Amino acid sequence: MAEILLSLTIIGVVAAITLPSLTGNINERTWNTQRKALYARFSQGLALMPSLGGYGTYKLAGTDAEGNSTSAQDTAAETFVTEGLSKVIKINNICDHEHLEDCGIVSSYTNLAGSIKTWPTKLSELNSMFTGTFNDGPNGSGGTNFTNPQKDIDTFAAAFETQNGESIAVYYNPNCASDMQETDWHYSQPKMCANFIYDLNGNKGPNTVGKDVGFITALYPSDPVVVAPVPLPQNVSGIKKQIEAGEACTAMDAESRLPNIDELSAMFYNRDLIGIPSGHFWSGSVISSGESGAAWGQGFSTGARGPHTRSDGNYVRCVKR
């Protein structure tokens, strides 16, 4: 009997040690599978929409031609969901920015850096660089002297639930700009049409970026590019040349790679979710080959993106394949 009790005790101890790790691995695989399926549905659905721009009304408070006060109007994100997205993706429930919790959106989440953050209810809370005036190139230099100014894109979020149980918050830019195949510096903010922060299991835990919480971004109103990068928790150590950045990613994690420029811009839009407030980062999008050639980089302080000489030094944040 003593030997049986000892064996049971050992089994219990081993189970207590291994079970959390085993459960974590199962959750990780489940989230990864669900994340890929969600991205596939969004990619297919958004491709069916004639345009991602122009939904809803967005108008700041002001005065009309007769001098009468006019109220602010913001129906952009909610209209985008009701009149656009719901036609191509099966949606169960839609909520405005004052009732995000009714669609399973939690009040706070843990970002990839381990900090607890308040869930954003409008575009400027997602990323403060969407406030004020910014510009869209080309013909700029170092983040200044750009053409085509665009101003005050700060729409409220909306949210919805999918038939699969995901809760998704939507941050929408009704005036998003097309890909002009720029070869010089320009701001990335106008390129974003819709940004989706998803929680794969609604308001259940752990509500943590990189686990059940992540993002999908749609850029360009026509022929949209839909990306869903999953960044690693830390930067590659030190400053790297672009020509060595890809190998640095593989050395850090064999299943990782450099993000392309649109994935990197999506990471900028969601910089608070990731925990990258500033810095210039390399993408894997090469403009011209060789060490003296150029590749796209993205600034996380301002949103400007443009070509850097590949032998220059920038930060590197890799993404999972």
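The values are calculated or read from the model by the stated rules, or taken from the named source; none is laboratory data. None of the values given here were measured: they were computed from a predicted structure. Because the Cβ atoms are built from the backbone with ideal geometry, glycine has one as well, and the counts that use them run over all protein chains shown.
For the stretch 55-68, a tally of residues being surrounded by 15 or more Cβ atoms within 10 Å (Cβ to Cβ), in a loop (DSSP other than H, G, I, E, B) and over 21 Å from the mean Cα position of the chain (by Cα) returns 1. Do we find a residue being without any contact (Cβ under 8 Å) to a residue 12 or more places away in the chain and part of a helix (DSSP H, G or I) anywhere in the stretch 222-238? Taking every residue of the stretch 222-238 in turn, none turns out to be without any contact (Cβ under 8 Å) to a residue 12 or more places away in the chain and part of a helix (DSSP H, G or I). SER265 passes every criterion in (1) crowded, with 23+ Cβ neighbours inside 10 Å; (2) over 15 Å from the mean Cα position of the chain (by Cα) apart from (2). Among the strands (runs of 3 or more DSSP E) confined to the stretch 241-310, the ones with at least 2 residues that are within 14 Å of PRO231 (Cα to Cα) are located at 280-286. Right, ASN32: modelled with pLDDT of 90 or more and assigned to a strand (DSSP E or B) or not? No. The set of residues from the stretch 95-134 being surrounded by fewer than 17 Cβ atoms within 10 Å (Cβ to Cβ), polar (S, T, N, Q) and part of a helix (DSSP H, G or I) comprises just one member, SER128.
Within the stretch 276-318, the only residue that satisfies the criterion of being modelled with pLDDT under 95 and of a type in the set (Lys, Arg) is ARG305. Every condition in (1) more than 25 Å from TRP119 (Cα to Cα); (2) in contact (Cβ under 8 Å) with a residue 24 or more places away in the chain; (3) hydrophobic (A, V, I, L, M, F, W, C) is met by MET267 except one, and the failing one is (1). Taking the stretch 183-202 as the range and being touching a residue at least 60 places away in the same chain (Cβ under 8 Å) and not in a strand (DSSP E or B) as the test, the residues that pass are THR183, ASP184, SER188, GLN189, LYS191, LEU200, GLY202.
Checking each residue in the stretch 311-321 for being among the hydrophobic types (A, V, I, L, M, F, W, C) and in a loop (DSSP other than H, G, I, E, B) picks out VAL316, CYS318.
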